[in-house]
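Chemist: Can you read through this structure? Questions will come right after.
The values are calculated or read from the model by the stated rules, or taken from the named source; none is laboratory data. Just so it is clear, the structure is predicted and the values come from calculations on it, not from any experiment. Cβ atoms come from the backbone with ideal geometry, glycine included; neighbour counts cover every protein chain shown. Accessible surface is based on the protein model in full, side chains and every heavy atom, while ligands, DNA and RNA are left aside. Shrake-Rupley method; radii C 1.70, N 1.55, O 1.52, S 1.80 Å.
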Amino acid sequence: MKTTLQALSASDYEDWWQIGVRDYAADKVANGTWTEEESLARSEDSFRELLPLGRATEGQYLFSIRLKENDQRVGFIWFGRYDGQAYVYDLYIAPDHRRCGYAREAMTCLEHEARERGFSTIGLHVFGPNTAARELYQQLGYDITDLTMRKKIPAS
């Protein structure tokens, strides 16, 4: 393995927060769930609800994904307890490090972290248009457990 997970430092947490809130807001807008105008505030509200004490929130685990050879940060991963299972809330790989296998390795490391905390299953959500993530998770053995669909009705 080329990567390792490290608990988020305070500075990594600030970087992750900015990226995570921004990306989640953008995904919700692209998915048609939120308007652009409301998206950042709603995204921040969602993060604050799940992480009321930030990095110190019990049952929430935040890591930077780092290269073993030089300790370079290539991304972030966040999971927590949800519905009795480990639940991946966020996996982010920096754009210039994508398609290098780091997400796959991070998910493998996450299995160890989840097992160490007593979890026997891991759940996650993928936005429909994110085919690359769906393919990765299916290759890693994740099964589709629910599928929601929507169709926009064209104006007549």
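Chemist: Go through region 20-35 and give me each residue that's surrounded by fewer than 17 Cβ atoms within 10 Å (Cβ to Cβ), farther than 14 Å from Ser46 by Cα and either under 14 Å from the mean Cα position of the chain (by Cα) or free of Cβ contacts under 8 Å to residues at least 40 places away in the same chain (or both).
Modeler: Thr35
Chemist: I want to confirm something. Restricting to region 44-76 and keeping residues that are outside any strand (DSSP E or B) and among the polar types (S, T, N, Q), which single residue is surrounded by the fewest Cβ atoms within 10 Å (Cβ to Cβ)?
Modeler: If we take residues in region 44-76 being outside any strand (DSSP E or B) and among the polar types (S, T, N, Q), then Asn70 is surrounded by the fewest Cβ atoms within 10 Å (Cβ to Cβ).
Chemist: Out of region 104-135, which residues are farther than 16 Å from Ile65 by Cβ, assigned to a helix (DSSP H, G or I) and hydroxyl-bearing (Ser, Thr, Tyr)?
Modeler: Of everything in region 104-135, just one residue is farther than 16 Å from Ile65 by Cβ, assigned to a helix (DSSP H, G or I) and hydroxyl-bearing (Ser, Thr, Tyr), namely Thr131.
Chemist: Let me ask something else about it. Report, by residue number, each residue of region 98-118 that is open to solvent by less than 70 Å² (accessible area, probe 1.4 Å) and either hydroxyl-bearing (Ser, Thr, Tyr) or in contact with a helix residue (DSSP H, G or I) (Cβ under 9 Å, 6 or more places away or on another chain) (or both).
Modeler: Tyr102, Ala103, Met107, Thr108
Chemist: With (1) within 16 Å of the chain's Cα centre (by Cα); (2) in a loop (DSSP other than H, G, I, E, B) as the list, and Arg99 as the residue in question, which single condition is left unmet?
Modeler: (1)
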